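Enquirer: Please read through the structure below; I'll follow up with questions.
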Number of protein chains: 4
Amino acid sequence: MGMVGGGRGAFIGAVHRIAAAMDGQIELVCGAFSSDPQRSRESGADFFLPADRCYGSYQEMIAGEKARPASERMDFIAIVTPNHMHFPPAKMALENGFHVLSDKPATFNFAEARALAGIVKKSGLLYGLTHNYTGYPLVKQAREMVRSGALGKIRKVVVEYPQGWLATRIEASGQKQAAWRTDPKRSGAAGCIGDIGTHAENLAEYISGLQISELAADLTTFVKGRKLDDDGNVLLRFKGGAKGVLHASQISVGEENNLNIRVYGEKGGLEWHQREPNTLLVKWPDQPMQVYRTANGYLSPAALAAGRTPPSHPEGYLEAFANIYKAFAATIRARHEKRKPTAIESDYPKITDGLRGMAFIEAVVASSKKNAAWTKLAV
Amino acid sequence: MGMVGGGRGAFIGAVHRIAAAMDGQIELVCGAFSSDPQRSRESGADFFLPADRCYGSYQEMIAGEKARPASERMDFIAIVTPNHMHFPPAKMALENGFHVLSDKPATFNFAEARALAGIVKKSGLLYGLTHNYTGYPLVKQAREMVRSGALGKIRKVVVEYPQGWLATRIEASGQKQAAWRTDPKRSGAAGCIGDIGTHAENLAEYISGLQISELAADLTTFVKGRKLDDDGNVLLRFKGGAKGVLHASQISVGEENNLNIRVYGEKGGLEWHQREPNTLLVKWPDQPMQVYRTANGYLSPAALAAGRTPPSHPEGYLEAFANIYKAFAATIRARHEKRKPTAIESDYPKITDGLRGMAFIEAVVASSKKNAAWTKLAV
Amino acid sequence: MGMVGGGRGAFIGAVHRIAAAMDGQIELVCGAFSSDPQRSRESGADFFLPADRCYGSYQEMIAGEKARPASERMDFIAIVTPNHMHFPPAKMALENGFHVLSDKPATFNFAEARALAGIVKKSGLLYGLTHNYTGYPLVKQAREMVRSGALGKIRKVVVEYPQGWLATRIEASGQKQAAWRTDPKRSGAAGCIGDIGTHAENLAEYISGLQISELAADLTTFVKGRKLDDDGNVLLRFKGGAKGVLHASQISVGEENNLNIRVYGEKGGLEWHQREPNTLLVKWPDQPMQVYRTANGYLSPAALAAGRTPPSHPEGYLEAFANIYKAFAATIRARHEKRKPTAIESDYPKITDGLRGMAFIEAVVASSKKNAAWTKLAV
Amino acid sequence: MGMVGGGRGAFIGAVHRIAAAMDGQIELVCGAFSSDPQRSRESGADFFLPADRCYGSYQEMIAGEKARPASERMDFIAIVTPNHMHFPPAKMALENGFHVLSDKPATFNFAEARALAGIVKKSGLLYGLTHNYTGYPLVKQAREMVRSGALGKIRKVVVEYPQGWLATRIEASGQKQAAWRTDPKRSGAAGCIGDIGTHAENLAEYISGLQISELAADLTTFVKGRKLDDDGNVLLRFKGGAKGVLHASQISVGEENNLNIRVYGEKGGLEWHQREPNTLLVKWPDQPMQVYRTANGYLSPAALAAGRTPPSHPEGYLEAFANIYKAFAATIRARHEKRKPTAIESDYPKITDGLRGMAFIEAVVASSKKNAAWTKLAV
């Protein structure tokens, strides 16, 4: 793979590299790690890459790789830049024959997402999106239990993503991660809701198997001088009648990355916390709650396939992230082998998830501007 | 005290009696335990009451007690009947010189609550309301920490009360507790929101010290044939700018009484779960989370006064409930002693809480009927 | 009942009074609350007792009550004094026709316990012991699950009772609770092991249904100048081949009353923590762990009978304590009614538990003196 | 690196490979993955190794690599075979100029460990041991807090490692992992105590900074027909006067890998659970317990250096394992750079840990044979 972004000092680039390398199936072969060519080269050297494959821009990289013999090219690009720089490299890569694995949200706005969906379709190539929380084994177990009907028809979903790191205006003092996330020119129409609300939305739809049909959102910017929302509370209605609540926050002081979800059906309920991701609580009306744990034999095949270690050897964020890469690589391999990937191999977020995420952001922002009026999430 | 309701087979009557007796300050001296005089007498006999103080109705009881010498009368009545029977005995008791301690919600509807507030005021007597969750030591600690400014200005409140026991239509098969709670004639305009949503509202206002100014609510009746809501999701706005989410449910399968609250200020955050009530999580931006526990010396005087045992001898629901009675009795005693009760002695929910609770119910129902339009909570 | 000890300033007296009163079946009618008659009277007045039933000593009380008409006497005495004062009032009460409910350990030493067992037997009266932790609903559930064979033959028991409150020499600065517990003249041959180790021993035998046959103990006094052990680690062997570990400590800084137990059989395992007493973890080899919770319908009758509130209305220490009193009262009532008490009514610790507890203390002390040599626990 | 063992079907080989690769600093260049040359080659092909570096035995590998130009050789070998095959390849590698990173325990018995220590010393090369649990960020934090004196002088250590997977005789039905671990010819003198008891011992000494001076152990084989212990309870005495308990079990039904440790000093206490490794509980006598979490700024440099992701992106077993490899690689690099490694770079278990682990195993076995007589742990 070739990487766009993720040079020295970046946070998410290192996560992507570890995730990509974890299963020994993907090799980082080139990169445009920085818009500064010198920095890109230095970063590449950190990763033991030859200088001629450390490019000064994604354009150079795509052109340079395309010029190489087919067997010596990168197979796909991984995009790990801020939001406004997701679409351009994705578009160019797809138009030049390279698969794309992109950080989320898919694009800067919904219009770009729609355009990208068209390009993906036309290209016939693969597009993956790192909604990484869906990579956890017990998130997969949760989805399988809903799918199997064990919980009955789903009635209610509560999903939350509180963080506290933006409780003060740290973007004003040069914190790089905060700076771009609170800048409408780089982050998009939403702050908190785009950065982490989309993870909550994606997780809710992934596990419940339901689509949000409409929502009513109340966004707030608590920190003075900030240009984008840092907190949002959203009422949800799903197709088929389920109801829900989604709230995300970056001013919930003392919270780390407390992505949590509860799903209740007519027959049973589920609860999962990212903070302790190897535990899934399963609730029944007349029986004791059950505590499902990663890697145990009673799990579904999809959940078992997502684990790498025996029970109670805790698996974490990087392993979940790596599961996106693993599935993406397995799907590319299936193509090479001219066969259809299995359901497990193709279980990674795709452009449809990207489209829904961008539609969610726009619907939330639109609703909030109309004082939390119900707004359709239309893709 | 004299009890209205709570005869054989009732659930909450026993809770009130244990709570009242816990500190050896209150004696059950009479009761109108049932609308069936025979049943009332039999119930009274269970409590070792003389037959002549087991009345056939609250009217008889109030008249009968009034007719006794002042030193041999009950001091107050405890009302533990379904909602539609809260106002009439409260009114009559107050108009005949008896203090009143009532189960919540205060009345059947807001109009009654307003009338009752007038009667309380006019009578000069005491009125208490068993929003019992505010009786927990660590709920008091949470309130004190907010009050002291330790958390800074409050920005966000998340309060939840999921239950699962009404996930099917058990009211149709004669479950007594379910029957009246789902019956608009006995429960009032709301089901779930009146029964437990009001507890969540009261807890949020008690701890945060803030008043809800307006709300947007989406109520649902998931169980076919049920006449009142069994699930509700509410966006909150507080006076002063804080935002919040409140959700309550009686169809969240497998949930017991998971009343939970999180409060975030500019400087710190709090988290409390009724399920594990002797633990209060206190969160800071740059320091490890702290785990406050009941009965430890570092707690505020109000929290310490609300405990009865040493640290980690878990205190539960009955002790919290008893704290309402204890404070109510202490305030009556202060009257006898012709002194002002201390802040701790007078720390029990009053008619103002009752008014706000009824206003909350009506605002939620009104908002939901208007498709979650923002609705003022006006008292 | 009449109380021996427990006057103003005592800790455990108040616990006993609340526990006794909780179910409205027991009335405190007299007491010898202090060895100081004036203090005894003042304490009695706090409890609304007439002056003539506030005695200056237990001897006076037993004589005074015996002199009253049979229908106006106390039924039993509750002993809530330090350990050295358990045996004398118990003996005198039994010899004068009164049942006895005593705080633990039963006596000052094993010889007294053996004598007391003889007196109990001879008297034909009831003797109860407040090993209160066995009063928790889920402790009863644990025992029932072992009894039923659901866990298979028991192999291993781990029981722990760490506290931290004696990590420094607070007895030197006048802390009353610490003073007598660390004084060999009032506490007996052991400190920590007598005070809380016996609770651990009793709980382990109660739940497992097994008897400790021999043990190897390593006691330590960490705090300089202290006369009794403040920490103990014990290897256990049970009749039938099970093994175990028991450790108790009063110098485990920051621990409250963390009584914990784990029991493993051939087919399943159990885990319970007093800190969160309404949760029982049940473990299976090939199935998810189950979380049993107080008051749910799936519990055994014994566990259900031990609860007073609906699920997830947490029950605590006082309720568990009250269950000892409740069973004791029910057994007295059964006597009055000339019938055999049911298994649930007679489920309270008896003199046999007292004997085993005292034998445990002596075995631990003896083993430790012999450098942890294996020592029989012989009753 | 070159790998000894860890071919297709092995469990721990994959763990080592992921751990080694995680930080992009170590490349798997060759291996003797199986004693079956064909299987070794096939395994190597899975890892994209050229056929000529997939050796049929460790002897061939060491010889083959030594024959290559210095710049094209492996730097070190990773040994991931059963216990009886740890010493021979370690010895040969060291004697031929290669560093060694070995799975634990270091050797088959103490005599081998002593011999190995001599060889390491003589060789001047590096030897690392994957006591991987010491790689967790919060284990490092715990050690740092002890070291800093924040907890005061250590008094008590409780360390436990219960598992349940050997509760029945699965070794009889061909389970490969169980087969060698319960075979005295491949596992050594101890079963459970060697396999996981050593991890507990190592963790206790690592965090407390204390050495076990003597111990009294009671080992049991609960499963009929098994040749080695499957459960062990051990009393510990540390140099300097601290006391402790260590218990490990493989028949604790329903337990996964519940390695837990509690350490109490005169001023504070610590508690850590592998099951939830990103949480460290820190206890104080007069202040609320604190919850330290991985990756937060308040941690010590050693703990921060051991993390790879932001707070509450859970890090797991593989990351902890990788920290051993990371430190080992950093120390090799420091050698290349002719400088002394930093304390953080050299923070990986070494031959001294291996010696102590083997001495622990032999002391436990010897003590148990003498009915839990106190036995010195002598290195």
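Enquirer: Does C:Lys376 qualify as being at pLDDT 95 or above and more than 9 Å from every other protein chain (Cβ to nearest Cβ)? Break it down into steps so the answer makes sense when it comes.
Expert: Numbers: at pLDDT 95 or above: yes; more than 9 Å from every other protein chain (Cβ to nearest Cβ): yes.
Here the answer is yes, as C:Lys376 does meet what is asked.
Enquirer: Let me ask another. Tell me the residue from D:Ala330, D:Ala322, D:Ala295, D:Ala303 that is closer than 30 Å to D:Ala178 by Cα, more than 10 Å from chain C (Cβ to nearest Cβ) and touching a residue at least 60 places away in the same chain (Cβ under 8 Å), please.
Expert: Details: D:Ala330 fails: closer than 30 Å to D:Ala178 by Cα; D:Ala295 fails: closer than 30 Å to D:Ala178 by Cα; D:Ala303 fails: closer than 30 Å to D:Ala178 by Cα.
Step by step, each of D:Ala330, D:Ala322, D:Ala295, D:Ala303 is checked, and only D:Ala322 is closer than 30 Å to D:Ala178 by Cα, more than 10 Å from chain C (Cβ to nearest Cβ) and touching a residue at least 60 places away in the same chain (Cβ under 8 Å).
Enquirer: Continuing with this model, one more query. Mind listing just one residue for me: the one in segment B:29-56 that is within 14 Å of chain C (Cβ to nearest Cβ) and hydrophobic (A, V, I, L, M, F, W, C) and, of those, nearest to the chain's Cα centre (by Cα)?
Expert: Keep residues of segment B:29-56 that are within 14 Å of chain C (Cβ to nearest Cβ), which gives B:29, B:31, B:33, B:43-49.
In the following step, the residues that additionally are hydrophobic (A, V, I, L, M, F, W, C) were identified as B:29, B:33, B:45, B:47-49.
Working: B:Val29: 23, B:Phe33: 20, B:Ala45: 28, B:Phe47: 24, B:Phe48: 28, B:Leu49: 27 Å.
Checked segment B:29-56; the qualifying residue nearest to the chain's Cα centre (by Cα) is B:Phe33.
Enquirer: Out of segment D:269-292, which residues are in contact with a strand residue (DSSP E or B) (Cβ under 6 Å, 6 or more places away or on another chain) and within 10 Å of chain C (Cβ to nearest Cβ)?
Expert: D:Gly269, D:Leu270, D:Glu271, D:Leu281, D:Val282, D:Lys283, D:Pro288, D:Met289, D:Gln290
Enquirer: Another question, if that's okay. Mind listing whichever residues of segment B:255-264 are in a strand (DSSP E or B) and surrounded by 23 or more Cβ atoms within 10 Å (Cβ to Cβ)?
Expert: Selection gives B:Ile261, B:Arg262, B:Val263, B:Tyr264.
Enquirer: Within segment A:12-28, can you find the residues that are buried (at least 21 other Cβ atoms within 10 Å of the Cβ), within 15 Å of the chain's Cα centre (by Cα) and among the hydrophobic types (A, V, I, L, M, F, W, C)? Before the answer, list the steps.
Expert: The initial filter retains those residues of segment A:12-28 that are buried (at least 21 other Cβ atoms within 10 Å of the Cβ), namely A:13, A:15-22, A:26, A:28.
Checking the rest, the ones that are also within 15 Å of the chain's Cα centre (by Cα) come to A:13, A:15-16, A:19-20.
Within segment A:12-28, A:Val15, A:Ala19, A:Ala20 meet the criteria.
Enquirer: Could you list all residues from segment D:152-175 that are more than 8 Å from every other protein chain (Cβ to nearest Cβ) and under 17 Å from D:Leu280 (Cβ atoms)?
Expert: Selection gives D:Ile154, D:Val157, D:Val159.
Enquirer: Given the residues B:Phe48, B:Phe11, which is the only one that is at positive phi and at pLDDT below 95?
Expert: Testing whether each residue is at positive phi and at pLDDT below 95 leaves just B:Phe48.
Enquirer: Quick one: B:Val158 ticks every box in (1) of a type in the set (A, V, I, L, M); (2) free of Cβ contacts under 8 Å to residues at least 60 places away in the same chain; (3) over 18 Å from B:Ile77 (Cα atoms) bar one, so which box is it?
Expert: Going through (1) of a type in the set (A, V, I, L, M); (2) free of Cβ contacts under 8 Å to residues at least 60 places away in the same chain; (3) over 18 Å from B:Ile77 (Cα atoms) one by one, B:Val158 breaks only (2).
Enquirer: Let me ask something additional. Would you please name the residue that is nearest to A:Pro162 (Cα to Cα), looking only at residues in segment A:243-254 that are facing chain B (nearest Cβ under 7 Å) and not in a strand (DSSP E or B)?
Expert: A:Ser252
Enquirer: Further question: Condition check: closer than 30 Å to D:Phe222 by Cβ, surrounded by 21 or more Cβ atoms within 10 Å (Cβ to Cβ) and of a type in the set (Ser, Thr, Tyr). Does C:Tyr161 satisfy that? Lay out the reasoning, then the answer.
Expert: Values: closer than 30 Å to D:Phe222 by Cβ: yes; surrounded by 21 or more Cβ atoms within 10 Å (Cβ to Cβ): yes; of a type in the set (Ser, Thr, Tyr): yes.
When the stated conditions are applied, C:Tyr161 passes them.
Enquirer: Report, by residue number, each residue of segment C:283-306 that is within 19 Å of A:Asn278 (Cβ to Cβ) and among the hydrophobic types (A, V, I, L, M, F, W, C).
Expert: Going through segment C:283-306, the residues within 19 Å of A:Asn278 (Cβ to Cβ) turn out to be C:283-291.
Across segment C:283-306, the qualifying residues are C:Trp284, C:Met289, C:Val291.
Enquirer: Inside segment A:6-46, can you point out the residues that are over 24 Å from A:Glu345 (Cα atoms) and in contact with a His (Cβ under 9 Å, 6 or more places away or on another chain)?
Expert: A:Gly6
Enquirer: Right, next: Quick check, is C:Met92 over 20 Å from the mean Cα position of the chain (by Cα), at pLDDT 95 or above and crowded, with 24+ Cβ neighbours inside 10 Å? Give the steps one after another, and end with the answer.
Expert: On the way: over 20 Å from the mean Cα position of the chain (by Cα): yes; at pLDDT 95 or above: yes; crowded, with 24+ Cβ neighbours inside 10 Å: no.
No, not satisfied.
Enquirer: Looking only at segment C:170-215, count every residue that is surrounded by fewer than 19 Cβ atoms within 10 Å (Cβ to Cβ) and farther than 19 Å from C:Pro82 by Cβ and tell me the total.
Expert: Residues flagged as surrounded by fewer than 19 Cβ atoms within 10 Å (Cβ to Cβ) and farther than 19 Å from C:Pro82 by Cβ within segment C:170-215 amount to 4.
Enquirer: Can you give me the ranges of the helices (runs of 4 or more DSSP H) entirely in segment D:163-240 with at least 1 residues that are over 17 Å from the mean Cα position of the chain (by Cα) and of a type outside the set (S, T, N, Q)? Quick ask: steps written out before the conclusion?
Expert: Values: elements: D:176-181, D:184-187, D:198-208.
Answer list for segment D:163-240: D:176-181, D:184-187.
Enquirer: Give segment A:247-273 a look and list any residue that's under 21 Å from A:Val364 (Cβ atoms) and not aliphatic (A, V, I, L, M), or say none.
Expert: Our first condition is that a residue be under 21 Å from A:Val364 (Cβ atoms); within segment A:247-273, this holds for A:247-252, A:255, A:257-263.
Scanning segment A:247-273 gives A:His247, A:Ser249, A:Gln250, A:Ser252, A:Glu255, A:Asn257, A:Asn258, A:Asn260, A:Arg262.
Enquirer: B:Leu166: under 26 Å from A:Ala242 (Cα atoms) and surrounded by 22 or more Cβ atoms within 10 Å (Cβ to Cβ), yes or no? Step through it out loud before you land on a result.
Expert: On the way: under 26 Å from A:Ala242 (Cα atoms): yes; surrounded by 22 or more Cβ atoms within 10 Å (Cβ to Cβ): yes.
The answer is yes for B:Leu166.
Enquirer: Answer yes or no as to whether D:Ala111 is more than 16 Å from the chain's Cα centre (by Cα) and modelled with pLDDT under 95.
Expert: Numbers: more than 16 Å from the chain's Cα centre (by Cα): yes; modelled with pLDDT under 95: no.
It is false that D:Ala111 is more than 16 Å from the chain's Cα centre (by Cα) and modelled with pLDDT under 95.
Enquirer: Being touching a residue at least 60 places away in the same chain (Cβ under 8 Å) and β-branched (Val, Ile, Thr) is the filter here, so list the residues in segment B:82-118 that pass it.
Expert: The answer is B:Thr107, and nothing else.
Enquirer: What is the residue count in segment A:278-333 for residues that are among the charged types (D, E, K, R) and either surrounded by fewer than 24 Cβ atoms within 10 Å (Cβ to Cβ) or more than 21 Å from the chain's Cα centre (by Cα) (or both)? Walk me through how you get there before you give the answer.
Expert: Our first condition is that a residue be among the charged types (D, E, K, R); within segment A:278-333, this holds for A:283, A:286, A:293, A:308, A:315, A:319, A:326, A:333.
In the following step, the residues that additionally are either surrounded by fewer than 24 Cβ atoms within 10 Å (Cβ to Cβ) or more than 21 Å from the chain's Cα centre (by Cα) (or both) were identified as A:283, A:286, A:293, A:308, A:333.
Count: 5.
The values are calculated or read from the model by the stated rules, or taken from the named source; none is laboratory data. Quick caveat, the model's predicted, so the values are computed rather than measured. Note that each Cβ is placed from the backbone with ideal geometry, even for glycine, and that neighbours are counted across all protein chains shown.
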